[in-house]
Structure formats: structure tokens, C-alpha cells
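The values are calculated or read from the model by the stated rules, or taken from the named source; none is laboratory data. All values derive from a computational prediction rather than experimental measurement. Here the Cβ positions follow ideal geometry from the backbone for every residue, glycine too, while neighbour counts run over all protein chains shown. Just so you know, the surface numbers come from the protein's heavy atoms only, side chains and all, with ligands and any DNA or RNA stripped out. Shrake-Rupley method; radii C 1.70, N 1.55, O 1.52, S 1.80 Å.
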Amino acid sequence: MSQDPGTSAAPAPVDALSPDLLAHALSFVRDPRDRKSCRLASRAFARAESASRRAARVLRRDALPRALRAFPSLAALDLSACAGLDDAALAAALSPSTPGLPPLRRVRLARASGVGWRGLAALVAACPGIRALDLSHCLAAGDREMAALAAAAGLRELVVDKCLGVTDVGLAKVAVGCPGLRRLSVKWCREISDIGVALLANKCPDLRSVDISYLKVTNESLRSLSTLDKLEEIAMVGCLFIDDDGLQMLSAGNSLQSIDVSRCHHVTSQGLASLIEGQRFIQKIYAGDSLHEVETCFLSKLSAISGTLSVLRLDGIEIFASNLQAIGSSCKNLVEIGLSKCNGVTDDGIASLVGHCSNLKTIDVTCCHLLTNDALAAIAENCRMVECLRLESCPFINEKGIERVATLCSHLKEIDLTDCRINDEALQHLSRCSELLILKLGLCSRISDKGLVYISSNCGKLVELDLYRCSAITDDGLGAVARGCKKIRMLNLCYCTQITDAGLKHVSALEELTNLELRCLVRITGIGITSIAIGCTSLVELDLKRCYSVDDAGLWALSRYSQNLRQLTISYCQVTGLGLCHLLGSLRCLQDVKMVHLSWVSIEGFEMALRAGCGRLKKLKLLGGLRSVLSPELLQMLQACGCRVRWVDKPLVYKG
């Protein structure tokens, strides 16, 4: 029917809805690609999302001011991958003269090496309501940065892992300025001692979670932390000066829910037993690579927390069937058990454990070399709800055991079969698990394209596939995967030497791919890399080490199409200085590049390329011989921009 010229066009149905209704509808759209489609399809959707969006991740510093203006309701901001971010850029974006700054509550600045105390001071001043901040791996951050954070009186969560310049002085400033802290992680801040921890415990009584892993602290720190009435979680991985006496000090009170003493070599079963005796509501115990063996004193106390204990990790110790039987009978509510690299684990032990623990969802028996199909049969019969099975390097497991698991465990989401003697028949059985998300098949030399066809026929939800050194896989197998598993984000094809450019053409159909490892694929060229660059525009990490035939053509394609690329390995490739310079100058998100033995790149080529990427690069891996021939000015410039260079001395050896 023709429209009357005198009447205006009726609004589209979507445009007639209120912004609140549109925002509510968008809240059910989880996939970022689908949300983008909604924005492109309707201006009303675009306006609704801008007004209601609560979280954003900014990848380029020039986009930060626009993002802050565009999203007035923004509460969580991730700047961990924002290339070239420094104090000036952060302060300018958060300037008081900027109208309508969003009410930021959570900010992530992990690895933002260019941000120092000036930028943090501007952040705290502009966002007085900030509650959570992540500065992990900002290696240059120290006490001055902590002093800037101390002005955020409302801060509740702070992560400063591996901020190597932070000392007791900086921790004291934060403790005094932010007395309401509830979660703090100072992992690898090796300059923090018992004195800093004592002041922290005194000034921040509301602390619920503390991570002091790899610090040189002693039992005195645990004595201080034991005074915190609300402490629920404590991690002290690799604290070599903590022993059973320290755990005895923590046993006072009933608030502790999770403790991690992994790699604490002076902790024994007696210490854990004394802890359990006092703390009756523990839900998670991580004791991997610390105990030498499980003693009766520990096992006898497990019944005291049988109603609450859900996670128990005992990796790397000697444990026998009788021990597993005692654990099973005492801890019937376990949902996760970790026995990775434990000596003495047998089929009988696993059977006695799972016979009591039918609620197990994660079972890790990595490198338990004595296990056979009987163990898998026991798991399948008793743990029908299992979601994660880690079976790496269990050489006596084959297709018969996998058949039992696939038949009875329909909820399986992750399975690691690395270095297991499985074949295509095992994958045929495994294809029944339609909920499978992660499949690791590294070093399984007996699987072929036929097995991948089985998997791709019914495992359409797969997001991670590891085919490391699966030498029988060819281009046809990748074609099947690309057709059936379109949601894959992580793909490892290292040393699958039969793969050619045709195989990469298939892989280019995986539009959601973010991580791709192609190490030592000697048959691929720049043509295949061009296909990947054009098709996989979401690519974040790419490994091309020892892809000897990849040349400048591949780099030019990456420069044009892979604008999200952040980590790249091109060691041993046949690229020139021109291609390298264009790559580092074009990719504005690129931060981590490994380029060892680029024989076709001259000293001048390295100079030009590094200058082109200076300001964005955070990590470099270069041949040690370049250190003496690159200009001191360039090296100083890289250091000033927060770029860490790892110099390696490796002989030029060709493999493949």
C-alpha cells in the first residue's frame, strides 16, 4: 500500500521503545559481536547502550577520552591493554574540565608500565568513588605510587602483584589512607616484610582476603593476620619462612574459608591439622608441592570440616589408596580434587575416593602414571556431573576408558588428554559430549583428520583446541574443525608440520579466534598468514616462530587487518627491516614482540622498527648481540617508555 504524502513515516518498532526497555533487552545479549550488531542495526539501541553501559575495555589511549564521554554510566574500566598509556594521557582524559566523567568504581591498570604516581593521583582525584584497583605487573610502581593511592579513602580492593618497588613504607601509606580495604594482593612484592604486614593488620580490620605469596615473611606475619576477625582467604604460596607454628597461630577464630600453602616447604600435615582443629568452616585447602606425604594426623581432622570442604589440592606428594579412601569417606562434599604429579595414585585409590565423592566436578590426575581405564570407569560411574578431567601423561588410558566417560558424563566441559595414547576412536566417543568447551590433545600422535571430523560433528561449543605436535593432522582436518567448531578462540597447531596455506585458509573462517600458535609450520607462507589476518580480525596473540617461509607479505597483511594484535612472535622468519618497521608502526595495540634471529633485518632495520613502535611496546625479546650495536639513545627511549627488553644468546639452529 502506498503511503499518503501528507503523513510522516512511522517510527521503526525498536525506536518506539523506551531507553530503559532497550537497555534491559541488551542486558541479555552477552556476545560482544551480537551487541555490536544491535548497535549498527538501530540508533536507538546504540543510544541505549551508551547510556547504560557499565564496563569497557579501551585498547588505545587516543580512544580513552571518547569512551569516557560516550558512556556516562561506566563503572568498570579496563586499561590493561591500552597501548602507550602514560601519566599525561590518563590525566588529560580525567581532567576536571572534562564534562560528565562517569562514576568509575573499578579500574584495571595491570601492566600499564607508563602510569606512575602522577597518573594515579589524577585518577584518584577524578574518581572519588573508586572501590577497586589493579596495578599488577607494573614493575616500576613503588612507594610514591602507593602514596598517591592512599588518597582513595574508599578503596576496598587493591592488587599490586609484582610491583617490585613497593616496600613496607608504601604498604603503610595505603593501610593508613585506606582503612576500609577488604581485599589486598601483594604477591611478589619482595621488599615487604613482617613490619608492613603487621601495620596492615592493625590499620585495616575489615580485611577479608590477603595474598602474600612469595614474600620473605615469617610466622610473625601470620601472627598479625590472625588478629583479623573477618579474614576469609589467605594465600602464601612459596613463603619459605613459614612453618607449622605459623599455621597454629592462624587456627584461632572461625572465619577462614580458604588457605593456600602451596610450595611452602616447611609446612607439614601436623600444621594443617592444627589449623583445621581451630578453623571449622574451611572450604578450600591448597597444599600442592608442600607436603611430602599425607599423614594420619591430617586425615583424622578432615572429618571436622566434612560439611564445608569443597576443594582439596594435594599436588606433588606421595599418596596411597588408603589415604584417598580416608579423604573420600571424610570429605563427601568435595567438588574439586587435585592429585597432579602425585606418586602412588592407583585405580583402587581413585575408585575408593570417587565412591564417596559423587559431587566431584573437577578431577586433576595429571602425570599419575599408574592409572588405567579402570580409574576412568570408576569416575564415570560415580561422578556423573564431572565437568573437568585433567589426564595429561596417563599412558595407560585409551579409547575404552574415554568411551565410559563420554557415555555417562554428559556435562563434561574440559578434558586434557595431552600425551595420552588415544586414537580417532577415542575422539569418536568423546564427540558425544556436546557441552565440551576445552579439548587438549597435544602429543597424541595417533589421532588424525578422522578424529577431528568426529569432534567437529557434535562439539560446536568448543572454544579451545590444542593439537600441539599432532603430526598426522592435515589441512582437511582443519577444514572440518572450521566448519563445525566456529566458536574456537584458542587454537594450538605448533609442530603440525603437514599444515599448509590451504589449512590456514580454513582456519581464517574462525571469526572469534583470539590466540593462534603456528610454531614450526615450515610449509606455510605469507599467503596463509594473509588469510588469517583478513578472516581472524579478533586475533590478539600469534606465534609464528620458526615459520621459515613467512615473509613481508604476511607482515603487511597483519599490519592492515590485525589491529587488535597485542602479542607476536616472529623469530626465525624471513622478514626484512621494511616489513618489520611497517608492522610495528601500524599496529597500535601491539605490546609484546619476540624477534630473535631475523637474519634478513639489518641493524638499521631494527633501529627504524623499534623507533616506530616505541611508546606502545612493553616487552621485547631480542638477540643479545644487538645490545652493543643498537644506539644507546634508542635503548634509553625504550626504557623510559616502560619497555622491558629480554636479551637472549641463542645459536642459529634450524628445525623442521
So the pair-distance distribution of the stretch 515-656, from every Cα-Cα distance in 5 Å bins, comes to percents of 2, 11, 21, 26, 21, 13, 6, 1, 0
One quarter of the C-alpha convex hull surface, i.e. the mean projected area of the chain in nm², amounts to 33.6
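Between Trp647 and Lys216, take the C-beta separation as r, use R0 = 45 Å, and let me know the FRET efficiency to the nearest 0.05. Can you show the working numbers first?
Numbers: r = 28 Å, r/R0 = 0.62.
About 0.95, to the nearest 0.05.
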List the extent of the Cα atoms of the stretch 430-573 along each of their three principal axes, largest first, rounded to whole Å. 43, 27, 21
So what is the accessible area of the stretch 127-235 per residue, in Å², with the probe set to 1.4 Å? 38
Over all alpha-carbon pairs in the stretch 124-234, figure out the percentage whose distance exceeds 25 Å. 10
Residue-normalised accessible area of the stretch 363-439, expressed per residue, 1.4 Å probe, Å²: 36
Rounded to a whole %, the carbon-and-sulfur portion of the accessible area of the chain at a 1.4 Å probe is 51
About the Cα centre of the chain, what is the dipole size in debye to 20, counting +1 per Lys and Arg Cβ and -1 per Asp and Glu Cβ, all else neutral? 1960
For Val405, Val540, give me the order by solvent-accessible area with a 1.4 Å probe, most accessible first, ignoring ligands, DNA and RNA. Val540, Val405
Pull out the extension gain between Ala92 and Val629, defined as 0.36 nm times the separation in residues minus the alpha carbon to alpha carbon distance; nm, one decimal. 189.6 nm
Quickly rank 60-66, 111-117, 181-187, 330-336 as a protection proxy: mean count of other C-beta atoms within 10 Å, highest first. 111-117, 181-187, 330-336, 60-66
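Taking N as the number of residues in the stretch 287-329, what value does Rg over Cα atoms divided by 2.2 N^0.38 Å take?
Rg over 2.2 N^0.38 Å, computed on Cα atoms: 1.10.
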Work out Dmax and Rg for the stretch 388-470 from the C-alpha atoms and quote the Rg first, both in angstrom. 10.9, 30
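Report the full-extension gain for the segment Leu240 to Ala140: residue separation times 0.36 nm, less the Cα-Cα distance, to one decimal in nm. Display every interim value, and only then the final one.
Numbers: separation 100, 0.36 × 100 = 36.00 nm, distance 2.52 nm.
Residue separation times 0.36 nm, minus the Cα-Cα distance, leaves 33.5 nm.
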